[in-house]
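> First the structure, then my questions, so here it is.
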Amino acid sequence: MPTPQIQDRLLRLQMGEAASFKNLSLFPLLNGTSGSPDYLTLEEALQADLVSVTELHEGGEVNQLKVTNRASQAVLIVDGEELVGAKQNRVVNLTILVPPEQTIVIPVTCVEQGRWHHVSREFRTSRQTMAAMIRARKSRQVYYRRETVGDAAADQAALWEDIATLSMNMQVHSPTGAMSDIYEHYEPTLHDYERALQPLEAQVGVLFAINGQIVSLDVFDYAATFARFFPKLLRSVALDAIAYFQPQFAPLSHEAAQEFIQRVAHADARGFPTVGEGEDVRLRAAGVIGSALVARERVVHLCAFAVPDSPDASDERTYELFTSLSRPSARLRRQLW
């Protein structure tokens, strides 16, 4: 059944005018919670030396990390956020609100297959989230894991393979198979996207489309929080836009963007206990997979992805975009960049 809290949050959003650069389009979403956030972002807390993210123990566990929050406020860690350093780089499997003055263990997925030794004792945040379409597959994997086992693990081997395939298709060699090396290789082009696409002052969310096809939706409770995460989200979608560039396509209409948000709002929802504060709500509808952290009587963060189950006539182009990463025949059109 749909969750009234999520429905109300999404259906109250106001959609601004679309902006585009090359083959990437975004629809800004407005109308957030008034005031200042009652939590710190992970980046803010790290900069203030109020939080530590470390390996679970000296030997380390690939899919778990330890977070110690020394602040008097909660700390927000966002689904797909990349943590670099320690024994290998990871991304976070779900959005987490770490309670004040507590230590918790969080579920993560490795995005650097070929390293297992310390380069630092603690993690730091990077400038991006997991590449958008791999993040979508991770969300689907966590959904099924929640349904069958109950935990928030992802398919580590499959995501390593996705990163290796993306690296191959984008002709990037990484000695350790690190997702971050792909971003570093395309830094000048990613910077072009960052300069061209900027958030609005009151923006709390964004719907992204590549080649006229919906890729992802992220919504936060506060505009200040969204402003901090927008560059990371933009870089993750821009990387896929570079990889799957098409010079000509039919632009996504305002109506199609609204219809996707309606589908997310009315998606079947199931809540699960989560680490930290609140409830992890998993969302599923035709062509949609997603999740939300509901805490403190509001939707703190919601993310949703266009992930068609099969290539029927109505969604063939979106299916092609979503599945192309896994096909060895996919090739980057480098001459266009």
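> Would you calculate the separation in nanometres between label points at Phe272 and Arg70, each defined as 7 Å from the Cα along the Cα-to-beta-carbon direction?
About 3.2 nm, to one decimal.
> Mind pulling up the Rg/Rh value for segment 118-158? Radius of gyration and Kirkwood radius, both on Cα. The partial results should precede the final answer.
Details: Rg = 13.2 Å, Rh = 12.0 Å.
Radius of gyration over Kirkwood radius for segment 118-158 works out to 1.10.
> If one computes P(r) from the Cα atoms of segment 1-97, what percent of pairs lie at distances over 23 Å?
On the way: 2227 of 4656 pairs.
That tail contains 48 percent of the Cα-Cα pairs.
> Quick one: what are the phi-derived ³J(HN,Hα) couplings along segment 234-247, Karplus 6.51/-1.76/1.60 with θ = phi - 60°, whole Hz, x for glycine and proline?
Using θ = phi - 60°, the values come out as 4, 4, 5, 7, 4, 4, 5, 4, 5, 5, 10, 4, 10, x Hz.
> Let me ask you something else. From the phi of every residue in segment 25-34, what ³J(HN,Hα) in whole Hz does the Karplus formula 6.51 cos²θ - 1.76 cosθ + 1.60 yield, where θ is phi - 60° and glycine or proline is x?
Going residue by residue, I get 10, 9, 10, x, 10, 10, 5, x, 6, 6 Hz, with x marking Gly and Pro.
> Contour minus end-to-end for Ser34 and Ser20, with contour as 0.36 nm per residue of separation and end-to-end as the Cα-Cα distance?
Values: separation 14, 0.36 × 14 = 5.04 nm, distance 2.81 nm.
Separation in residues times 0.36 nm, less the Cα-Cα distance, equals 2.2 nm.
> Quick one: which residues, 5 or more positions from His301 or on another chain, have an amide H under 5 Å from its amide H? H modelled 1.01 Å from N in the peptide plane, none for Pro or chain starts.
Leu293
> Equivalent-ellipsoid semi-axes (√(5λ), Cα gyration tensor) for segment 162-238, whole Å, largest first?
Values: eigenvalues 137, 34, 29 Å².
Calculated on Cα positions only, the semi-axes equal 26, 13, 12 Å.
> Calculate the FRET efficiency for Ser253 and Thr148 from the Cβ-Cβ distance with a Förster distance of 35 Å, rounded to the nearest 0.05.
Details: r = 37 Å, r/R0 = 1.06.
Computed FRET efficiency for Ser253 and Thr148: 0.40.
> Also, quick follow-up: Just the ratio, please: alpha-carbon radius of gyration of segment 106-212 over 2.2 N^0.38 Å, N its number of residues.
1.23
> Near Pro188, within a Cβ-to-Cβ distance under 12 Å, what is the net charge of the other residues, with Lys and Arg +1 and Asp and Glu -1? Could you put the intermediate results ahead of the total?
On the way: positive: Arg195; negative: Glu184, Glu187, Asp192, Glu194.
After counting each charged neighbour, the total is -3.
> With the dipole of segment 1-137 worked out from charges on the C-beta (+1 for Lys and Arg, -1 for Asp and Glu) around the Cα centre, which of Gln64, Trp116, Ser20 lies farthest toward the positive end?
Highest projection toward the positive end goes to Ser20.
> What is the chain's relative contact order, in percent, from Cα pairs under 8 angstrom and six or more apart in sequence? The partial results should precede the final answer.
Values: 727 pairs, mean separation 68.0, N = 337.
This gives 20 percent for the chain.
> Translational D (Stokes-Einstein, µm²/s) of segment 3-50 at 25 °C and 0.890 mPa s when Rh comes from the Kirkwood sum over C-alpha pairs?
Details: Rh = 14.0 Å.
The diffusion coefficient I find is 175 µm²/s.
> Mind ordering 36-48, 86-98 by average Cβ neighbours within 10 Å, highest first? Don't skip to the end; give the middle numbers.
Values: 36-48: 18.5, 86-98: 24.8.
Descending mean neighbour count gives 86-98, 36-48.
> Run lengths n ≥ 4 of DSSP H only: what is the helix-derived mean residue ellipticity at 222 nm for the chain, with -39500 (n - 2.57) per run over all residues, to the nearest 500? Write down the numbers at each step before the final one.
Values: 9 runs with 103 residues, N = 337.
Rounded to the nearest 500, the figure is -9500 deg cm²/dmol.
> Oh, and also: Given a Förster radius of 25 Å and the C-beta distance between Glu161 and Trp116 as r, what FRET efficiency does 1/(1 + (r/R0)^6) yield to the nearest 0.05? Intermediate values should be presented prior to the final figure.
Working: r = 18 Å, r/R0 = 0.72.
It comes out at approximately 0.90.
Any read-out appearing in this document is the output of simple, stated calculations on the displayed coordinates, not a laboratory observation. Note that the structure is a prediction, hence the values are computed from the model and not measured. Reconstructed Cβ throughout: ideal geometry from the backbone, glycine too, with neighbour counts over all protein chains shown.
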